[in-house]
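Please treat every number below as a calculation from the coordinates, not as lab data. Predicted model, so just to flag it, every value in this text is computed and none were measured. Glycine also receives a Cβ, built like all others from the backbone with ideal geometry; neighbour counts cover every protein chain displayed.
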């Protein structure tokens with residue numbers, strides 16, 4: 001089966017954004033399950049336009065410190081980005097920002113904490129690919145996906161496919177030649193089952209028609225270390241990862257929709273004629289029952305980050321394009337991600 005094309009400018013119409021809100025989602029959840037595409041978020045985002053105007057007229061509606069939950073350990077990319085955004089968000093909302101790291105469960109612990117938090121706009125989630133991937137990876141989640149509503153997509157980037165120089169495959173064409181003749185398949189490392197690097201190598205293998213051996217690690221750093229040691233053959237990872245700058249590794253392709261600003265000489269997989277796009281992204285969500293006026297105030301704060309050099313540079317330094325969209329654009333993005341990755345998880349049997 002041919003997997004669907006993944007194009008950010010051809011996003012499908014989002015059917016789960018309705019003004020009726022969470023009640024509609026409960027009523028139609030059975031039908032979504034039958035189709036294999038349960039609604040990822042039920043935001044009532046269409047109601048935010050009017051609410052945005054009224055929140056300006058009434059002034060700020062946030063009344064105490066805003067907690068942003070990062071479902072990953074301190075020091076990682078998501079944590080660094082949120083900390084760079086804290087000061088401009090404090091200025092926009094007029095409230096202190098509290099960053100809470102709640103790692104574990106493949107990012108489900110932090111997501112569940114926000115999904116079950118009071119819907120008052122004071123507890124938000126900084127999410128990434130796991131928000132989509134866990135829906136496809138896990139049989140059950142510790143929270144209802146419909147209980148989270150999109151606020152803003154912060155930024156989107158790609159990864160770089162690295163191989164070890166000792167493989168003698170300095171470009172994508174020669175790498176594919178090696179992959180097609182390697183008994184049992186090349187060994188691809190990743191930061192864990194269902195992670196973005198893992199699903200990237202799976203969709204890559206599906207598109208080019210080669211066998212691979214997936215070797216999961218506890219993090220991309222460990223995978224890169226083993227790549228340097230010659231224990232694995234390739235890995236998709238962030239362009240700025242330290243070990244990836246070693247002369248012992250070769251960057252042969254980018255998985256994003258554009259070339260990396262850091263390694264502009266490396267072509268994208270789509271440029272090379274492969275229908276492969278694997279994006280890294282970060283965005284913010286709130287409990288879906290949060291009142292529209294409160295959500296509108298939150299959205300205004302996130303969109304103000306476009307004018308923050310500190311917030312933008314934190315993303316750009318990691319080759320993430322700053323976007324700071326509104327909720328509708330983020331909702332469309334999430335739906336597109338789900339449509340693209342669902343058949344990949346199913347056909348490649350990616351599950352826990």
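Assuming a ≥ b ≥ c are the square roots of the Cα gyration tensor eigenvalues, decide whether region 143-292 counts as rounded (a/c under 1.5), prolate (otherwise, with a/b larger than b/c) or oblate.
It is prolate, given that a/c is not under 1.5 and a/b is the larger ratio.
Could you line up 67, 336 from fewest to most neighbouring Cβ atoms inside 10 Å? Spell out each step's value before the answer.
Working: 67 17, 336 20.
The fewest-first ordering by Cβ neighbours comes to 67, 336.
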